[in-house]
Amino acid sequence: MTISGKTKLAAVIGWPIEHSLSPALHGFWFMEHGLDAAVVPLPVKPENLREVIRCLPLMGFRGAWVTLPHKEQALSLLDEVDGAGKAIGAVNTLIFGPDAKISGKNTDAFGFLENLKAQQPGVQLRGKSAMVLGAGGAASAIIQSLITAGCSKILVSNRTESRAHTLASHWKEKAGYPVDAVPWEAKENHLTNVSLLVNTTSLGMVGQPDLKIGIGGLPDTAIVADIIYRPLKTSLLQKAEAAGHPICTGLGMLVHQGRPGFESMFGVAPSNINGAEQALIKMLGLDA
Ligand code: ATR
């Protein structure tokens, strides 16, 4: 790929940024659609985020994806924020409009739900219960997606219980959403009516300890999802699959969350979602 003065530019901003998959993901779609475009990875320290975000539209960038640790801070630097971004309290996609106006969205919840629907077609969560493990930024986005999908009860369990309570009350106080915290040590006791179990902790990731949870209490039809994608199939997912549960792997969430921004920035809805996921699997050596 050669960049010229005609190349359409977007950025991905993080600190650090070396491991971002965004340039490769969007690069796949640029090839698919024959677009002369590039996503430039920018290592930006938190204290410089405001200046960088304000400068990018003036430099001809069409938008930017923001990743850790900037998703919360970016929210306060925008002219406009979508409903999901406001509800979650974080954004991951910035669109630069005329007059350098900056609109932010959170597409993580969208990404989770689209990935779930792709792997479990016909999944129906309306009126169902779900359990989310973890209470960080990712958990908040997943809760937003479960509320959108119509879950009638959402349980959050986290090692540091106070964070689970803070997250649950954030959503409860927002609009009386049915989110409750359950103690980490007792999470297995609350699986009886759970239709979807989602791991958002770092447990099970390459280099981290495994997530130790007995899933015998889950109904047979309950879906087990993990947002970790290194490895592609975590020990939790392997265990769930062996027990006959439908599962949902994590890499697709990353692929799907990139779709709305790509369309806004480059004017075309990315196709070949599966091809993009396979390209990332190959690049990360996850198929080895
Ligand atoms: P993110 O914003 O990506 O979700 P995070 O805020 O660092 O990331 O959250 C990581 C999650 O993994 C947290 O819920 C964390 O639990 P704590 O709030 O108790 O730190 C969870 N986690 C990390 N290591 C863990 C461990 N060894 N046992 C249990 N939970 C762990």
- Note on the structure: Sole miss for residue 224 among (1) buried (at least 22 other Cβ atoms within 10 Å of the Cβ); (2) more than 16 Å from the ligand (Cβ to nearest atom); (3) at pLDDT below 95 is condition (3)
- Query: Taking helices (runs of 4 or more DSSP H) that fall entirely within the stretch 249-288, which contain at least 2 residues that are within 11 Å of residue 107 (Cβ to Cβ)?
  - Reply: 251-257, 259-266
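So that you can scan it fast, the table gives a plain yes or no per residue for (1) in contact with a strand residue (DSSP E or B) (Cβ under 9 Å, 6 or more places away or on another chain); (2) in contact (Cβ under 8 Å) with a residue 60 or more places away in the chain; (3) open to solvent by less than 40 Å² (accessible area, probe 1.4 Å):
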site	(1), (2), (3)
181	yes, no, yes
190	yes, no, no
200	yes, yes, yes
207	no, no, no
220	no, no, no
229	no, no, no
239	yes, no, no
243	yes, no, no
- Which one is most open to solvent (accessible area, probe 1.4 Å), of the residues in the stretch 14-36 that are more than 18 Å from the chain's Cα centre (by Cα) and among the small types (Gly, Ala, Ser)? 34
- Message: I'm checking my understanding of the structure. Among residues of the stretch 83-125 that are of a type in the set (Lys, Arg) and over 16 Å from residue 262 (Cβ atoms), which one is most open to solvent (accessible area, probe 1.4 Å)?
- Response: 86
- Quick one: what pairs do we get from the stretch 160-178, first residue farther than 18 Å from residue 130 by Cα and open to solvent by 60 Å² or more (accessible area, probe 1.4 Å), second assigned to a helix (DSSP H, G or I) and more than 13 Å from the ligand (Cβ to nearest atom), C-beta under 8 Å, 6+ apart or different chains? 174/87
- Task: Give the stretch 182-208 a look and list any residue that's among the small types (Gly, Ala, Ser) and over 21 Å from the mean Cα position of the chain (by Cα), or say none.
- Result: 186
- Any strands (runs of 3 or more DSSP E) falling wholly within the stretch 82-172 and containing at least 3 residues that are away from the ligand (no atom under 15 Å from the Cβ): 93-96, 102-105
- Residue check, residue 203 away from the ligand (no atom under 15 Å from the Cβ), within 14 Å of residue 139 (Cβ to Cβ) and at pLDDT 95 or above: no
- If you go through the stretch 37-51 one residue at a time, do you hit one that is touching a residue at least 40 places away in the same chain (Cβ under 8 Å) and either surrounded by fewer than 20 Cβ atoms within 10 Å (Cβ to Cβ) or farther than 24 Å from residue 89 by Cα (or both)? yes
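The values are calculated or read from the model by the stated rules, or taken from the named source; none is laboratory data. Quick caveat, the model's predicted, so the values are computed rather than measured. Backbone-built Cβ (ideal geometry, glycine too); neighbour counts: all protein chains shown. Heads up: the accessible areas ignore ligands, DNA and RNA and are worked out on the full protein's heavy atoms, side chains in. Shrake-Rupley method; radii C 1.70, N 1.55, O 1.52, S 1.80 Å.
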